[in-house]
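Participant: Below is the structure I would like to discuss, written out as structure tokens.
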Amino acid sequence: MLTIRQMIIFAAVVRHGSFRACAEQAGLTQVVVSAHIRELESRLGVSLFERRPGHAAALTTKGQHAFERISAILADLNDLQRELTGEQTRRTLNLTTYGFIMLKLQDRIDAFEDARPQIELHIRLDPPDNRTLAMQVHRGEVDLACFYTMDQDEVPGSVHVGHEQLAIYVGPDHPLASAKGVTGAALGRHPAIMLRHENPQRRLTDLALDRIGAVPGKIILETDALALMLNNVRRNRAWICLFQDSVDDMIPGLVRVDLATPLPPVEIRLLSRPSARHDPNLIALRDSFCG
């Protein structure tokens, strides 16, 4: 039978990256750690790690699946302990979202923290891709994730909490500034400025442009530096795709291009840890996002 100890050590090996690092952190010998992993593998009937001398502990395909399931089990056990013993001390909830979402919801977050001073929010504003983020929530590493998507089925179990509208902007003297009914093809004939490919929001921009048939023929700049982007747009060198609210409310001096086909909306969706239904603090945090 699997033991909780085996599962804890297995998860620790994965998170620390090696048997040795796990042993050092847990105050055990590497021999003891290896013995627990061998026993776990024997119970499961599979190899969890690819063992190569001198290399980090790499999971096999079945090992990765086991890690996802075991991490979720351990998170559920921690929740059960809190349910039965009550929460008498401070605890941390891990929230991952985008800076622009956080900016719009800051008042709600402040109200949550004022109402629950025993809860410390740890907020990460540089989420990975949605698939990785969903796995982090499932494993219990992230309690609540609020993210963008253009496909409501991309992350099963997530709920809709709002949307943002993308738009195309140019400088006041750009040829497209006074044009009406600009098609995707016409837009693509003009130079563009884009976010870097590493930025998760770049994928949203690419998908939105693709849906209206706009493929930039020339990208003169790829950067995440907003000031640099805006400087070039104001000089009428290129167009840029941004969230409409962020420009209309906070960035004067740009002109929104009149598109023949508006860009599709971007959904804001929320995913909470599977055991959230038993956690009143996490339920309250989730409800603060739902408004």
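The values are calculated or read from the model by the stated rules, or taken from the named source; none is laboratory data. Note that this is a predicted model, so its numbers are computed, not measured. We place every Cβ from the backbone using ideal geometry, glycine too, and count neighbours over all the protein chains shown. Remember, those area values only see protein heavy atoms, side chains included, never the ligands or the DNA or RNA. Shrake-Rupley method; radii C 1.70, N 1.55, O 1.52, S 1.80 Å.
Participant: Within segment 219-255, can you find the residues that are hydrophobic (A, V, I, L, M, F, W, C), within 28 Å of the chain's Cα centre (by Cα), assigned to a helix (DSSP H, G or I) and modelled with pLDDT of 85 or more?
Facilitator: Scanning segment 219-255 gives L226, A227, L228, M229, L230.
Participant: Specify the residue that is modelled with the lowest pLDDT; the eligible residues are those in segment 13-22 that are in a helix (DSSP H, G or I), closer than 14 Å to G63 by Cβ and under 25 Å from the mean Cα position of the chain (by Cα).
Facilitator: The qualifying residue modelled with the lowest pLDDT is R15.
Participant: For L187, indicate whether it is more than 22 Å from I268 (Cα to Cα), over 12 Å from the mean Cα position of the chain (by Cα) and not in a loop (DSSP other than H, G, I, E, B).
Facilitator: yes
Participant: Further question: List, please: which pairs have Cβ atoms under 6 Å, are six or more places apart or on different chains, and start with a residue in segment 265-280 that is under 27 Å from L80 (Cα atoms) and end with one that is polar (S, T, N, Q) and open to solvent by 20 Å² or more (accessible area, probe 1.4 Å)?
Facilitator: Pairs found: none.
Participant: Tell me the residue from H122, H65 that is surrounded by 12 or more Cβ atoms within 10 Å (Cβ to Cβ) and either within 30 Å of R38 (Cβ to Cβ) or in contact with a Ser or Thr (Cβ under 9 Å, 6 or more places away or on another chain) (or both), please.
Facilitator: H65
Participant: Sticking with this one: Of these, R237, R286, R277, which one is open to solvent by 60 Å² or more (accessible area, probe 1.4 Å) and over 30 Å from I73 (Cβ atoms)?
Facilitator: R237
Participant: Continuing with this model, one more query. Scan segment 23-54 residue by residue and report those that are more than 29 Å from the chain's Cα centre (by Cα) and part of a loop (DSSP other than H, G, I, E, B).
Facilitator: G27, L28, T29, G45, V46, S47, R51, R52, P53, G54
Participant: State all residues of segment 136-172 that are surrounded by 15 or more Cβ atoms within 10 Å (Cβ to Cβ), closer than 21 Å to N199 by Cα and in contact with a Ser or Thr (Cβ under 9 Å, 6 or more places away or on another chain); if no residue qualifies, say none.
Facilitator: Passing the criteria: Q136, V137, V142, L144, A145, C146, F147, T149, V155, E164, L166.
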